[in-house]
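The values are calculated or read from the model by the stated rules, or taken from the named source; none is laboratory data. Just so you know, these numbers come straight off a predicted model, no measurement behind them. Here the Cβ positions follow ideal geometry from the backbone for every residue, glycine too, while neighbour counts run over all protein chains shown. These area figures cover heavy atoms from the full protein model, side chains too; ligands, DNA and RNA do not enter into them. Shrake-Rupley method; radii C 1.70, N 1.55, O 1.52, S 1.80 Å.
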Amino acid sequence: MGSTEDAKVLALIAAAPEPGTPDDTDVFLNAMPIPDLASLWCVLQRLNRRDQTSGAWAAKLYFDHLPHRKPDRALDLALEVLRAESDKATVMQLNDKFMLALMYAHGAQMIDRIEREAKDNARLRWLLGGIHFGPDEACQRRIEAVADSRGWRADAIARRTPQHPLDYGAMSVEQLAQAWVAQYSKSDRDRDDNFSAMMDYERELREEDPDKAIDLIVGILKIEVNPVLLSLLAAGPLEDVISMETIERIEREARADQRFHAFLGGVWYYRASDELKARLDALVGDNRW
C-alpha cells in the first residue's frame with residue numbers, strides 16, 4: 001500500500017464520528033469489510049508516535065482485542081494482510097501482538113484451520129515461523145511442523161539490524177536529545193536495535209549518571225512539544241530518575257524553568273517514600289495531567 005492509499009485510510013479515521021465508548025468503536029469496525037479492515041490495520045502500523053489521534057488509539061485498542069474476542073475474524077484479517085500488503089516490515093507486525101495473542105487465547109480452537117490455510121500459503125508458513133509458543137505442547141509441535149522458522153529468523157534479524165548503528169555514549173547532550181526524539185517518534189514497525197540501545201543507555205545513565213539523565217530530559221524539553229512524546233518522557237525517563245538522590249536537582253530545575261515545573265505533572269509517584277512524596281507534592285500541587 002502506498003502513501004496515497006495510506007492517506008485515504010487516515011482520512012477515513014479522521015472522518016469517522018468520534019466514538020463515545022469502546023463499544024461504539026467495536027460496532028463501527030466490526031461492520032467493516034475485511035479488506036478495508038486490513039488496510040486500516042496496515043496504516044496504523046506505519047503511523048508514527050507524533051501522528052497518533054484519539055481515533056487511531058481507539059482503532060489500535062480494537063485490534064488488540066480482536067484476537068481474543070473474534071478469533072476467526074482475526075485470522076481472516078491476518079490472511080488478507082498477508083495477501084494484500086507488500087511491505088514486509090508492516091506484515092511482520094502481525095507477530096508483534098496479533099498472531100501471538102490469537103494463538104495464546106485460541107490456539108487449540110484455531111490450529112486445524114491454520115494448518116489448512118498454511119498448506120498452500122507460503123507467506124502464512126513464514127509468519128508462523130515467528131510464533132514460538134502455543135497454548136500447549138501439542139499445538140506448538142503442530143505450528144512448528146508447518147512454520148518457516150528459518151525464513152522468519154533471517155528477516156527478523158535483518159529488520160532489527162540498523163543501517164547506521166548509533167553510539168550514544170559519544171554524543172553530546174544536544175545530540176542525545178535529538179536522537180531520543182527521533183527514536184521515540186518511530187512506530188513500533190520502524191524500531192530497530194538503535195531503539196533498544198537507546199533504552200539501555202537511558203538505564204545506564206539513570207543508574208550511573210543521574211545528573212546527565214536529567215540533563216537529557218531538560219535537553220528534550222527544549223526541542224520537543226508533541227504531547228504524546230512528552231507523555232512518554234514524563235512517564236519513563238523523568239519518573240524513573242526521580243529519587244531522594246536527585247530531588248534537589250529536580251527542585252532546582254523546577255524553580256528555574258516553568259515548563260519543567262509544569263512537566264512534573266505527568267509523573268506518577270505513589271510508590272515513593274513519604275519524604276520524597278511530600279517534596280514532590282509541594283512541587284506538583286494540583287498540576288497533574
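Here the chain is assigned +1 on the Cβ of each Lys and Arg and -1 on the Cβ of each Asp and Glu. Its dipole about the Cα centre then comes out at about 760 debye. When all alpha carbon pairs of the chain are counted in 10 Å bins from zero, the resulting P(r) reads 6, 23, 26, 24, 16, 5, 0 %.
Using Cα pairs closer than 8 Å and at least 6 residues apart in sequence, work out the relative contact order for the chain, in percent. Walk me through the intermediate numbers first.
Values: 273 pairs, mean separation 39.4, N = 289.
Computed value for the chain: 14 percent relative contact order.
Could you work out the local net charge near L127, counting Lys and Arg as +1, Asp and Glu as -1, over the other residues with Cβ closer than 11 Å to its Cβ? So the surrounding residues net to 0.
List, in the order given, every pair from K60/K212; K186/K212; K186/K222; K88/K119; K97/K119 whose Cα-Cα distance in the structure shown is over 29 Å. Before the final figure, lay out the partial values.
Details: K60/K212 35 Å; K186/K212 24 Å; K186/K222 20 Å; K88/K119 21 Å; K97/K119 23 Å.
In this structure, K60/K212 exceed 29 Å between Cα atoms.
Think of the chain as a dipole: +1 on every Lys or Arg Cβ, -1 on every Asp or Glu Cβ, centred on the Cα centre; then among S185, F195, I111, I111 lies furthest on the positive end.
Each label was represented as a point 7 Å from its Cα along the Cα-to-Cβ direction; for D87 and E248 these points are 5.0 nm apart. In the chain, the sites counted are trypsin sites (Lys or Arg not before Pro) in DSSP loop states with at most 11 other Cβ atoms within 10 Å, and the longest stretch holding none of them, exclusive of the sites, is 1-270.
Please compute the net charge surrounding R249, taking Lys and Arg as +1 and Asp and Glu as -1 over other residues with Cβ under 14 Å from its Cβ.
On the way: positive: R206, K212, R252, R255, R279; negative: D209, D211, D215, E245, E248, E251, E253, D257.
The answer is -3.
Summing charges over all other residues whose Cβ lies under 10 Å from the Cβ of L176, with Lys and Arg as +1 and Asp and Glu as -1, gives -2.
In the chain, carbon and sulfur make up what percent of the accessible area (probe 1.4 Å)? Here it works out to 51 percent.
If you place +1 on the Cβ of every Lys and Arg and -1 on the Cβ of every Asp and Glu, how big does the dipole about the Cα centre of region 131-233 come out, in debye to the nearest 20? Don't jump to the answer; show the numbers that get you there.
Values: 13 positive and 20 negative charges, 100 e Å.
Here region 131-233 has a charge dipole of around 480 debye.
Projecting the Cα positions of N95, L66, L77 onto the charge dipole of region 60-163 (unit charges on Cβ atoms of Lys, Arg, Asp and Glu, taken about the Cα centre) puts N95 furthest along the positive direction.
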